[in-house]
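The values are calculated or read from the model by the stated rules, or taken from the named source; none is laboratory data. Computed from a predicted structure; not experimentally measured. All Cβ positions, even for glycine, are placed from backbone atoms using ideal geometry, and neighbour counts span all protein chains on display.
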Amino acid sequence: MVDCGEQWPHPNRTNYLTIKMIGIGYDVHRFADGRRLVLGGIEIPHTQGLLGHSDADVVCHALADAILGAMGKPDIGFFFPPDDPSCEGICSLEILQKCRTLADEEGLRIVNVDVTLIAEVPKVLPYREAMREAIGTALGIPAGKVGIKATTHERLGSLGRGEGIAAMAVAQLEI
């Protein structure tokens, strides 16, 4: 999307055109015994964790896909294949850092990100600020530019029965 608003002449730019890119992402993982629960890069006390090749952090995975989508890149499975042994157990904040590096290499700036968790349990409000800080640090943006919200699935379907957690995300980048 091209934004040609009344921005020019902008004192910090030689080109007067701001190009904004938006991407969306989604991820879902089922609960499993014997795993840590990691959301937004933060370990959250819970009786089960999420099943996945990496740390299964649905927040970071949805955000990574949103950032990659805004750049027109393939999804995180392309960059971090589930059959690659070097990706086993990887911290998903590293995935976000890789997305930031890809954006930097193309001269893009991550402006803000927003994520909605869909889960019956656990409650994430006590961990929201720590998640915002961790994600902001990984992406090189202020925590104030990281939105974290949560909702339930109203006991409908597999998410409503508490079988897993899903996340939806959006990211805005600009050149």
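Listing for the model above:
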{"item": "Sole exception among (1) at pLDDT 95 or above; (2) closer than 24 Å to LYS149 by Cβ; (3) surrounded by fewer than 22 Cβ atoms within 10 Å (Cβ to Cβ) for GLY34, by number", "result": "(2)"}
{"item": "Segment 53-71, residues that are surrounded by fewer than 21 Cβ atoms within 10 Å (Cβ to Cβ) and more than 17 Å from CYS99 (Cβ to Cβ)", "result": "HIS53"}
{"item": "ILE110 being modelled with pLDDT of 95 or more, buried (at least 19 other Cβ atoms within 10 Å of the Cβ), part of a helix (DSSP H, G or I) and not basic (Lys, Arg)", "result": "no"}
{"item": "Some residue of segment 76-96 being among the small types (Gly, Ala, Ser), out of contact with any Ser or Thr (no Cβ under 9 Å at 6 or more places or on another chain) and at pLDDT 95 or above", "result": "no"}
{"item": "Where PRO74 falls short, out of the listed (1) within 16 Å of the chain's Cα centre (by Cα); (2) outside any loop (DSSP other than H, G, I, E, B); (3) exposed (fewer than 15 other Cβ atoms within 10 Å of the Cβ)", "result": "(2)"}
{"item": "Check on LEU93, surrounded by 16 or more Cβ atoms within 10 Å (Cβ to Cβ) and within 14 Å of the chain's Cα centre (by Cα)", "result": "yes"}
{"item": "Some residue of segment 31-50 being within 12 Å of the chain's Cα centre (by Cα), in a loop (DSSP other than H, G, I, E, B) and touching a residue at least 24 places away in the same chain (Cβ under 8 Å)", "result": "yes"}
{"item": "Segment 141-151, subset exposed (fewer than 15 other Cβ atoms within 10 Å of the Cβ) and not in a helix (DSSP H, G or I), residue nearest to the chain's Cα centre (by Cα)", "result": "LYS149"}
